[in-house]
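Chemist: The structure follows.
The values are calculated or read from the model by the stated rules, or taken from the named source; none is laboratory data. None of the values given here were measured: they were computed from a predicted structure. Methodologically, a virtual Cβ is constructed for each residue, glycine included, from the backbone with ideal geometry; neighbour enumeration extends over all protein chains shown. Note: areas computed on protein heavy atoms with side chains; ligands, DNA, RNA excluded. Shrake-Rupley method; radii C 1.70, N 1.55, O 1.52, S 1.80 Å.
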Amino acid sequence: MTTLIPVLGDQLSMALASLRHADPATAIILMVEVAEEASYVPHHKRKIAYILSAMRHHAAALSAAGWQVDYVALDDPENSGSFSGEVARAVARHAPDEIVVTAAGEWRVAAMIDSWETLFGLPVEICADTRFIASLDEFATWAAGRKQLRMEFFYRDMRRKTGLLMDGDKPVGGEWNFDSENRKPAPRDPAMPRPLLFPPDAITQAVIALVAARFSDHPGSTDGFDFAVTRADALAQQAHFLHHALPRFGDYQDAMLSGEPFLWHSLLSPYLNSGLLDPLDLAQAVEARFRDGDVPINAAEGFIRQIIGWREYVRSIYWHQGSGYAERNFLDARRPLPDFYWTGDTDMHCLSQAIGQTLDLAYAHHIQRLMITGNFAMLIGADPVAVHQWYLAVYADAYEWVELPNTLGMSQFADGGLLASKPYAASGAYINRMSDYCGHCRFDVKQRTGPDACPFNALYWDFLARNAEKLGSNQRLAMPYRNWAKMTEKTRIELRTSAASFLERLDGAHDQR
């Protein structure tokens, strides 16, 4: 009995559920590179190169482990260009008796897989993706009857389930969350750790040439490509982070510095999301460093919360809400995304830094995404679908299941508070407190209005004013709305006029492109 096992580009794990009970003697693993997957949004060149190279290296590892791998490269002249088309060709080549596949991470691909049984006239077994800590059924049970689906309470249940940072039934240190200790501005430290670099081997060099030929109009560049593309190298990057960056990760995880894209961050999310690293293994390794006395509790807890709390939570929200979630636009935001999101060409230094490194590296850390590019997009009223498509395109770790809830819910508040308890809106004061960006900017963060004022300042108050009907009752915004009410009418008019002038110039620049 021959079994065809398609393995997707974000399923690069030897522990995949569809492989668990398969017989290498009778199973054929199908891996395909298709233009459809690389271009449904204009993915960053570096992102495409990473995924294709990691796929090719994983196929080699599977072959070395005794599996029969049928691999279709992007430049294969017979390549149909679509995933279902390549499964159809594989069915014709191998005449399998069944198809076994691990569940897709995205609605779009799941819909394809759901059609295969009818298309090919074969039984299709879809295995639950066991690489996640919480099953989708488990989350549905947790969510049932709750008025609010807050991550913090879900995270506590994940701590109890895994036993991570627990003393019996109590959290280590007496608190579930040490986030209040993780908001320090970063010093310029000559001893700041640098991530490992992985020079491209022959496989990766071939992929880079292919990307240059096929996706020249996509954003970004593959110059200086240095991603890990094997599990062994991803594990080396993990070990490097645990020993060199994790101890100070907690203190400075929200900090930003000009010319320093990485600080004390892990750079592991692309490897987690594509399958090269296991999230529970990583979280347990972080806990071990804490238990050994090498890492403070705020660093260990803050990182573990991102892995077993936030990452698990947004994936569950994505599937729990269904495809209609992508259409939500609670604040009725309709403005086009500014062109400089694709070029980095702006006088606002914070945005040029965050966007510039994004275009260079297909990477920015979570506060750059949330409080710089996301904050600005929300303040100007950018269309959340356009914002979502940009984040999905430009980041190497962005798959829709993790990116969409983060963008739509956390960053843009387009779901009206399902995911976040308040909009993450901030003026220039926050950026100045958490970074050195403002000291390098032509705009004055201390000024609220006028041509030299930091645009974030007037935009922040304008955002609150124009959305008062929808946001005014939010208890977490009570203080800023009280401050707005205390302002003189003249001050309020000046702020809104300054914001309107800026938005008019922004719209004019878009119209003239």
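Chemist: Starting from 0.36 nm per residue, how many nanometres of slack lie between residue 167 and residue 82 once their C-alpha separation is accounted for?
Modeler: 25.6 nm
Chemist: Can you spot the lysines whose alpha carbon is less than 21 Å from residue 446's alpha carbon? Ignore those fewer than 8 places along the same chain.
Modeler: Residue 446 reaches 184, 486, 490.
Chemist: Give me the percent of the accessible area of segment 415-513 that comes from carbon and sulfur atoms, probe 1.4 Å, all protein chains in place.
Modeler: 50 percent
Chemist: Could you tell me which GluC sites (Glu not before Pro) in segment 1-91 are loop residues by DSSP with no more than 15 other beta carbons within 10 angstrom of their beta carbon?
Modeler: Counting only loop positions with at most 15 other Cβ atoms within 10 Å, the GluC sites (Glu not before Pro) in segment 1-91 are 78.
Chemist: Subtract the Cα-Cα distance of residue 216 and residue 339 from 0.36 nm times their separation in residues, and report this length gain in nm to one decimal.
Modeler: 42.4 nm is the gain from fully extending residue 216 to residue 339.
Chemist: Just the accessible area per residue of the chain, please: how many Å² with a 1.4 Å probe?
Modeler: Normalised by residue count, the accessible surface of the chain is 41 Å².
Chemist: May I pose another question? Set the Förster distance to 25 Å, then compute FRET efficiency between residue 25 and residue 128 from the Cβ-Cβ distance, nearest 0.05.
Modeler: About 0.50, to the nearest 0.05.
Chemist: I need the trypsin sites (Lys or Arg not before Pro) found in segment 1-96, filtered to DSSP loop residues with at most 13 other beta carbons within 10 Å of theirs.
Modeler: none
Chemist: Expressed as a whole number of Å, what is the distance separating the alpha-carbon centroids of segment 256-305 and segment 9-32?
Modeler: Segment 9-32 and segment 256-305 have Cα centres spaced 28 Å from each other.
Chemist: When only DSSP loop residues count, what trypsin sites (Lys or Arg not before Pro) in segment 163-247 have their Cβ near at most 14 other Cβ atoms within 10 Å?
Modeler: 188
Chemist: Kindly provide the helix-only [θ] at 222 nm of the chain, computed as the sum of -39,500 (n - 2.57) over DSSP H runs of four or more divided by all residues, to the nearest 500 deg cm²/dmol?
Modeler: -13500 deg cm²/dmol
Chemist: Just check segment 246-395 against the gyration tensor rule for me: Cα atoms, a ≥ b ≥ c as the square roots of the eigenvalues, rounded for a/c under 1.5, and otherwise prolate or oblate depending on whether a/b exceeds b/c.
Modeler: Numbers: a/c = 2.29, a/b = 1.43, b/c = 1.60.
In terms of gyration-tensor shape, oblate.
Chemist: Students sometimes get this wrong: rank 442, 311, 159, 328 by accessible area, probe 1.4 Å, all chains present, largest first.
Modeler: These residues rank, largest area first, as 442, 328, 311, 159.
Chemist: For mean projected area of the Cα convex hull in nm², one of [x] 25.2; [y] 38.4; [z] 23.8 was computed from the structure I shared and the rest are decoys. Which label?
Modeler: Derived directly from the coordinates: [x].
Chemist: Taking the Cα centre as origin and putting +1 on Lys and Arg beta-carbons and -1 on Asp and Glu beta-carbons, what dipole magnitude results for segment 4-86, to the nearest 20 debye?
Modeler: 420 debye
Chemist: Take the Cβ-Cβ distance between residue 35 and residue 284 as r, set R0 to 51 Å, and report the resulting FRET efficiency rounded to the nearest 0.05.
Modeler: 0.85
Chemist: Quick check: net charge around residue 63, other residues with Cβ under 12 Å of its Cβ, Lys/Arg +1 and Asp/Glu -1?
Modeler: With Lys, Arg at +1 and Asp, Glu at -1, the net is 0.
Chemist: If you don't mind, there's one more thing I want to ask. Any idea how far apart residue 481 and residue 466 come out in nm if each label point goes 7 Å out from Cα toward Cβ?
Modeler: With each label placed 7 Å out from Cα toward Cβ, I get 1.9 nm.
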